[in-house]
Amino acid sequence: MKIAVCVKQVPDTWAEKTLREQDSTLDRESPDGVLNELDEYAVEEALQIAEAHGGEVTVVSMGPARAAETVRKALSMGADAGIHIQDDVLHGSDAIATSAVLAAALADKGFDLIIFGSESTDARMSVIPAMVAERLGVAQLTFAQRVSIAGTDVTIERVTDYGFDTITAAMPAVVSVVEKINEPRYPSFKGIMAAKKKPVETLAVADLGLDAASVGQAAAWSAVEDFAARPPKPAGTIVSDDGDGGARIASYLTEQKFI
Amino acid sequence: MAKVLVLVEHDAASGSVKKASLELLTLARRLGDPAAVWFGAGSTAALTVLGEYGASTVYVADGDDVKAHPVVPMVDVLSALVAELSPAAVIVPSSADGKEVAGRLAVRTGSGVITDAVDIDASGVATQSVFGGSTVVHSKVTSGTPIYTVRSNSVAPEPAPTTCTAQTVSTEVSAVAKTATVVERTVASKGGRPELTEAAVVVSGGRGVGGSEGFSVIEKLADSLGAAVGASRAATDAGWYPHQYQVGQTGKTVSPQLYIANGISGAIQHRAGMQTSKMVVAVNKDAEAPIFELADFGVVGDLFEVVPQLTDEIEKRAN
Ligand SMILES: Cc1cc2nc3c(=O)[nH]c(=O)nc-3n(C[C@H](O)[C@H](O)[C@H](O)COP(=O)(O)OP(=O)(O)OC[C@H]3O[C@@H](n4cnc5c(N)ncnc54)[C@H](O)[C@@H]3O)c2cc1C
């Protein structure tokens, strides 16, 4: 089986995220970049499927030069090869353009499964897997808390507001996974050493047959008009419980007209 | 006046229109003439409420194919309506389905999309609250038909009575929609409490609750306030409370009037799902817990002492 897993480098979860004054894009330089937490589950799921059913896992990432670290991280977990789409013209791309770039990189490579995390911790849109499925014209099996493979069919449990839906499709398919699905492994020392020798192909927008004018901030179909830091919330009242803690909350809620 | 398409969600069992959909109709009126889009059965019973909130038309797509396949049939129906009506905008809820519908529709119709808006003004400028609520962004779609996903509890639903008429639309779905099939729907028991994402008050429990029995303390407080119950991932992962009540980055995003966090430390992933609550009350025995940074009112103490006392007080004051 040929499995692709799409990963993104994002600012460290705990880092303060800010937009840049000059072009309202996310500052990706200052904070440490890490593999998007939710993509770790995607990598783990890809590896588990390859281990159980045989196959090869290719990591695909679009991002600036330093995103190469993120591709290596996934390789050190055990993926076999990487594709890094890196091009200055991509800066400021919206989800529409990002999905076009990923779809171009994934098309016609014979992937049976294309696995994503359910969202990125920076943009939090949760639309890229669906957009890539739309562009490739393949089945969309997203928000999976469980994935199982039987022959050429893949079945997932899609987390819903009311419980879950069991959804099945013939491969190829785009899958996204939620964090309940598995426990991502840590890269071993051996894995880290092996990752250094694994092949990573670096592609530019032109290599994908895309027009540079169709990506990047100028081509985005939505634009930021302005942004501002929300004024910090005034500090609240914190009291310690002297046997009347519950009653004090009740008084506060009465003042605030909740009771 | 150009139409504004609103994807209306309704309770699968009762058929009642979700409050969040009435919020979307309220926003839609700022941009044009709201038209509801309804998937599945039960639209006739909803005509009154849709009309009351300003929808002059409801487009009804009710067919087996719409139910049998996930997400894409909604995109098929909406994209046909976009082509036919050239609406001023399409507004869908910020649910998992809603965001995916929005994303695919954007690709298919050559339109820009803005997700997780908390407001939209008459010129189409959307407000988003990003990075855990630390930054407010205003943005606008610059290509095609603007598509927005809007978070629930962002605006108060306001009635604007009109007569709503139903129009049946084709439910023939595309070949790509048929590539995936729903074979079973598993509905977890819901209970009598308000829906988490719509509730005005949410009472949550975390690892500090200590076990599934401990959640009865949380539920009692919730019931005294007519609130929904939420949980941190530590509590859902431990199996103390069902997963669909998880609040946070990978759970539900809630923005109630009041959020009461009990035995929850306030990890960044939890905050991502509740940071836009209008008021936060926290009970935690650790004075250093980060949840207190967000709290309007906090008590440092044992939740098993504080919460039952609070519940008693509320019941006393209510009587
Ligand atoms: C990819 C990813 C996604 C995640 N998504 C989510 C998510 O969606 N939602 C989420 O909540 N978390 C999420 N997490 C987990 C998150 O990082 C935290 O681990 C989790 O929120 C901690 O839950 P908690 O606050 O209940 O537990 P803890 O952090 O263990 O805190 C328990 C708190 O209870 C207090 N306490 C203990 N006993 C009592 C008592 N008797 N009375 C009063 N206070 C008491 C303690 O002082 C402590 O502050 C995610 C993590 C990852 C890596």
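The values are calculated or read from the model by the stated rules, or taken from the named source; none is laboratory data. Just so we're clear, the structure is a prediction, and the values are computed from it rather than from any experiment. Please note: Cβ atoms are built from the backbone with ideal geometry, for glycine as well, and neighbour counts cover all protein chains shown.
In this entry, A:A247 is excluded by the filter for residues that are surrounded by 11 or more Cβ atoms within 10 Å (Cβ to Cβ) and modelled with pLDDT under 95. Is it the case that the stretch A:216-225 has a residue that's loosely packed, with under 15 Cβ neighbours inside 10 Å and either among the β-branched types (V, I, T) or at pLDDT 95 or above (or both)? No - not one qualifying residue is present in the stretch A:216-225.
Quick check on my filter: what residues within the stretch B:108-151 are at positive phi and out of contact with any helix residue (DSSP H, G or I) (no Cβ under 7 Å at 6 or more places or on another chain)?
Of everything in the stretch B:108-151, those that are at positive phi and out of contact with any helix residue (DSSP H, G or I) (no Cβ under 7 Å at 6 or more places or on another chain) turn out to be B:G110, B:D116, B:G124, B:F131, B:G133.
Exactly one residue among B:E195, B:E172, B:E184 is more than 25 Å from the chain's Cα centre (by Cα) and of a type in the set (D, E), and that residue is B:E172.
The criterion of at least 2 residues that are within 11 Å of the ligand (Cβ to nearest atom) and not basic (K, R) is met, among helices (runs of 4 or more DSSP H) falling completely within the stretch B:201-315, by B:233-237, B:268-271, B:291-294.
Only residues that are aliphatic (A, V, I, L, M) and touching a Lys or Arg at 6+ places or on another chain (Cβ under 8 Å) were counted in the stretch A:68-79, giving 3.
I'd like to know if the stretch A:205-216 contains one or more residues that are at the interface with chain B (Cβ under 7 Å from one of its Cβ atoms) and acidic (D, E).
Within the stretch A:205-216, not a single residue is at the interface with chain B (Cβ under 7 Å from one of its Cβ atoms) and acidic (D, E).
Out of (1) touching a strand residue (DSSP E or B) at 6+ places or on another chain (Cβ under 6 Å); (2) within 14 Å of another protein chain (Cβ to nearest Cβ); (3) within 16 Å of the ligand (Cβ to nearest atom), what's the single condition that is false for B:E184? Looking at each condition in turn, B:E184 falls short on (3).
So which residues in the stretch A:123-153 are charged (D, E, K, R) and facing chain B (nearest Cβ under 8 Å)? Don't jump to the end; show me each part of the working.
Going residue by residue through the stretch A:123-153, those that are charged (D, E, K, R) are A:124, A:134-135, A:146, A:153.
Correct list: A:R124, A:E134, A:R135.
Name the residues in the stretch B:172-188 that are in contact with a helix residue (DSSP H, G or I) (Cβ under 8 Å, 6 or more places away or on another chain), of a type in the set (A, V, I, L, M, F, W, C) and part of a loop (DSSP other than H, G, I, E, B), would you? Once the filter is applied, which keeps residues that are in contact with a helix residue (DSSP H, G or I) (Cβ under 8 Å, 6 or more places away or on another chain), of a type in the set (A, V, I, L, M, F, W, C) and part of a loop (DSSP other than H, G, I, E, B), the stretch B:172-188 yields B:V173, B:V176, B:A188.
Looking only at the stretch A:1-11, decide whether some residue is part of a loop (DSSP other than H, G, I, E, B), away from the ligand (no atom under 16 Å from the Cβ) and closer than 27 Å to B:V113 by Cβ. No, the stretch A:1-11 has no match at all.
What's the total number of residues in the stretch B:254-276 that are on the phi > 0 side of the Ramachandran plot and of a type in the set (A, V, I, L, M, F, W, C)? Please lay out each step first, then the result.
We begin by selecting, within the stretch B:254-276, every residue on the phi > 0 side of the Ramachandran plot; these are B:263, B:266.
This time we only want the ones that are of a type in the set (A, V, I, L, M, F, W, C), so: none.
Number satisfying all stated conditions: 0.
Looking only at residues in the stretch B:249-266 that are within 11 Å of chain A (Cβ to nearest Cβ) and either at pLDDT 95 or above or within 21 Å of B:T311 (Cβ to Cβ) (or both), which one is surrounded by the most Cβ atoms within 10 Å (Cβ to Cβ)? Top of the filtered list is B:I260.
A:L106 falls short of the stated requirement of being out of contact with any Cys (no Cβ under 9 Å at 6 or more places or on another chain) and buried (at least 21 other Cβ atoms within 10 Å of the Cβ).
Of the numbered criteria (1) assigned to a helix (DSSP H, G or I); (2) closer than 22 Å to A:A130 by Cβ; (3) not β-branched (V, I, T), the one B:E23 fails is (2). If the condition is being of a type outside the set (S, T, N, Q) and more than 21 Å from the chain's Cα centre (by Cα), then the stretch B:100-119 contributes B:V107, B:R108, B:G110, B:G112. State whether one or more residues within the stretch B:27-38 are touching a Lys or Arg at 6+ places or on another chain (Cβ under 9 Å) and aromatic (F, W, Y). Checking the stretch B:27-38: not a single residue is touching a Lys or Arg at 6+ places or on another chain (Cβ under 9 Å) and aromatic (F, W, Y).
This table checks each residue for (1) of a type in the set (G, A, S); (2) touching a helix residue (DSSP H, G or I) at 6+ places or on another chain (Cβ under 6 Å).
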position: B:G206; (1), (2): yes, yes
position: B:S212; (1), (2): yes, no
position: B:V217; (1), (2): no, yes
position: B:L221; (1), (2): no, yes
position: B:S224; (1), (2): yes, yes
position: B:V229; (1), (2): no, yes
position: B:G239; (1), (2): yes, no
position: B:Q246; (1), (2): no, yes
position: B:T253; (1), (2): no, no
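Residues are listed down the side, and each one gets a yes or a no for (1) modelled with pLDDT under 90; (2) closer than 26 Å to A:D108 by Cα; (3) touching an Asp or Glu at 6+ places or on another chain (Cβ under 9 Å):
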{"site": "A:K2", "(1), (2), (3)": "no, yes, yes"}
{"site": "A:T13", "(1), (2), (3)": "yes, no, yes"}
{"site": "A:E16", "(1), (2), (3)": "yes, no, no"}
{"site": "A:E21", "(1), (2), (3)": "yes, no, no"}
{"site": "A:A42", "(1), (2), (3)": "no, yes, no"}
{"site": "A:E45", "(1), (2), (3)": "no, yes, no"}
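Taken over the stretch B:63-91, the criterion of being touching a helix residue (DSSP H, G or I) at 6+ places or on another chain (Cβ under 6 Å), part of a helix (DSSP H, G or I) and among the hydrophobic types (A, V, I, L, M, F, W, C) is satisfied by B:V66, B:V72, B:M74, B:V75, B:L78, B:V82.
In summary, B:G239 fulfils each of the numbered conditions (1) within 10 Å of chain A (Cβ to nearest Cβ); (2) at positive phi with the single exception of condition (1). From the list B:E184, B:E219, the lone residue that is of a type in the set (D, E, K, R) and within 27 Å of B:D97 (Cα to Cα) is B:E184.
Within the stretch B:106-128, being part of a helix (DSSP H, G or I) and either over 25 Å from A:T142 (Cα atoms) or within 9 Å of another protein chain (Cβ to nearest Cβ) (or both) holds for B:A106, B:V107, B:R108. Residue selection: A:K180 satisfies the criterion of being in contact with a His (Cβ under 7 Å, 6 or more places away or on another chain) and either at pLDDT 95 or above or not hydrophobic (A, V, I, L, M, F, W, C) (or both).
Just checking, which of B:T165, B:T179, B:T171 is β-branched (V, I, T) and within 12 Å of chain A (Cβ to nearest Cβ)?
Step by step, each of B:T165, B:T179, B:T171 is checked, and only B:T179 is β-branched (V, I, T) and within 12 Å of chain A (Cβ to nearest Cβ).
Out of A:L38, A:L19, one residue alone is within 16 Å of the ligand (Cβ to nearest atom), out of contact with any Pro (no Cβ under 8 Å at 6 or more places or on another chain) and farther than 16 Å from A:L203 by Cα. It is A:L38.
Kindly check whether there is at least one residue in the stretch B:169-178 that is closer than 30 Å to B:P308 by Cβ, at pLDDT 95 or above and not hydrophobic (A, V, I, L, M, F, W, C). No: the stretch B:169-178 contains no residue that is closer than 30 Å to B:P308 by Cβ, at pLDDT 95 or above and not hydrophobic (A, V, I, L, M, F, W, C).
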